[in-house]
Amino acid sequence: MSRVRAPLLALLSLPLAPVHARADDPCAAFSWDVRHERELFGKQPVDLASGKALADAPALTPDRLYELELRGQPEVTFSAPPSRTWPEEATYAGLARLTVDTAGVYRFALDQPAWVDVIAGGVVLQSRGVQGRVGCSTPYKVVEFSLPAGRPLVLEFSASVTPSIKVTVSRSPVQTP
């Protein structure tokens, strides 16, 4: 009887739902599948200083977690004005660069409620969608953009209330037009 009881007790002690889907986990409230972004946020970030201008903006690579040290927003020379204005306390900003090999829908995941604009050839790309979850910072916010292949893109981070931001770029699992 004890040979059956031990495995049965071990089985009964397992949680009924995965840890990431617990009702008290604010990160579980995304309606998009953000498992990949959450996995990336579990890794050690690559620390980089963001650019004040395009010439000193670092290049980002998809599927890595970065921690960008931001600048005072007045110090940053934006390629295009930020598409959203924010309260006075949101004073940090920075630039980065990105080129993707394959055109498609990409996600920018941020650990806080900052703003991201993507500029291609001087034109601000419109986001396809955004989701954010208060109380979650792994990630806090996910924004989707349709990106062209092989074209240099400028990433403008603005309206941050903290001097650094964690960010990932990854191809969305949903590639509908």
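Residues of the range 74-112 that are over 16 Å from V169 (Cα atoms) and touching a helix residue (DSSP H, G or I) at 6+ places or on another chain (Cβ under 8 Å): T77, S79, A90, T91, Y92, A93.
Give the number of residues within the range 159-170 that are part of a strand (DSSP E or B) and either modelled with pLDDT under 95 or of a type in the set (A, V, I, L, M, F, W, C) (or both).
In the first step, residues of the range 159-170 are kept if they are part of a strand (DSSP E or B); the result is 159-160, 164-170.
Imposing the further condition that a residue be either modelled with pLDDT under 95 or of a type in the set (A, V, I, L, M, F, W, C) (or both) reduces the set to 159-160, 165, 167, 169.
Of the residues in the range 159-170, 5 are part of a strand (DSSP E or B) and either modelled with pLDDT under 95 or of a type in the set (A, V, I, L, M, F, W, C) (or both).
Across the range 113-135, a minimum of one residue is classified as of a type outside the set (G, A, S), modelled with pLDDT under 95 and touching a helix residue (DSSP H, G or I) at 6+ places or on another chain (Cβ under 6 Å). Taking (1) at pLDDT below 95; (2) in a strand (DSSP E or B); (3) of a type in the set (A, V, I, L, M) in turn, V154 satisfies each apart from (1).
Counting the residues of the range 126-158 that are of a type in the set (A, V, I, L, M) and touching a Ser or Thr at 6+ places or on another chain (Cβ under 7 Å) gives 4. From the list P74, P81, the lone residue that is surrounded by fewer than 15 Cβ atoms within 10 Å (Cβ to Cβ), free of Cβ contacts under 8 Å to residues at least 24 places away in the same chain, of a type outside the set (K, R) and within 16 Å of V154 (Cα to Cα) is P81. For residues in the range 142-171 being open to solvent by 20 Å² or more (accessible area, probe 1.4 Å) and not small (G, A, S), which is nearest to T91 (Cα to Cα)? Looking at residues that are open to solvent by 20 Å² or more (accessible area, probe 1.4 Å) and not small (G, A, S), I get V161.
Checked against the criterion of being open to solvent by less than 10 Å² (accessible area, probe 1.4 Å), closer than 21 Å to Q73 by Cβ, aliphatic (A, V, I, L, M) and touching a Lys or Arg at 6+ places or on another chain (Cβ under 6 Å), the range 96-119 contains one or more residues that satisfy it. In the condition set (1) farther than 17 Å from R64 by Cα; (2) more than 13 Å from the chain's Cα centre (by Cα); (3) not in a strand (DSSP E or B), C136 is compliant with all but (2). Within the range 16-52, restricting attention to residues that are out of contact with any strand residue (DSSP E or B) (no Cβ under 7 Å at 6 or more places or on another chain) and more than 24 Å from V134 (Cβ to Cβ), the residue that is modelled with the lowest pLDDT is L16.
Taking the range 82-106 only, how many residues are among the charged types (D, E, K, R) and modelled with pLDDT of 95 or more?
First, the residues of the range 82-106 that are among the charged types (D, E, K, R): 84, 88-89, 97, 101.
Now restrict to residues that are modelled with pLDDT of 95 or more: 97, 101.
The qualifying residues number 2.
The values are calculated or read from the model by the stated rules, or taken from the named source; none is laboratory data. This structure is a prediction, so every number in the text was calculated from the model and none was measured. Glycine gets a Cβ as well: all are built from the backbone with ideal geometry, and neighbour counts include every protein chain shown. Accessible surface is based on the protein model in full, side chains and every heavy atom, while ligands, DNA and RNA are left aside. Shrake-Rupley method; radii C 1.70, N 1.55, O 1.52, S 1.80 Å.
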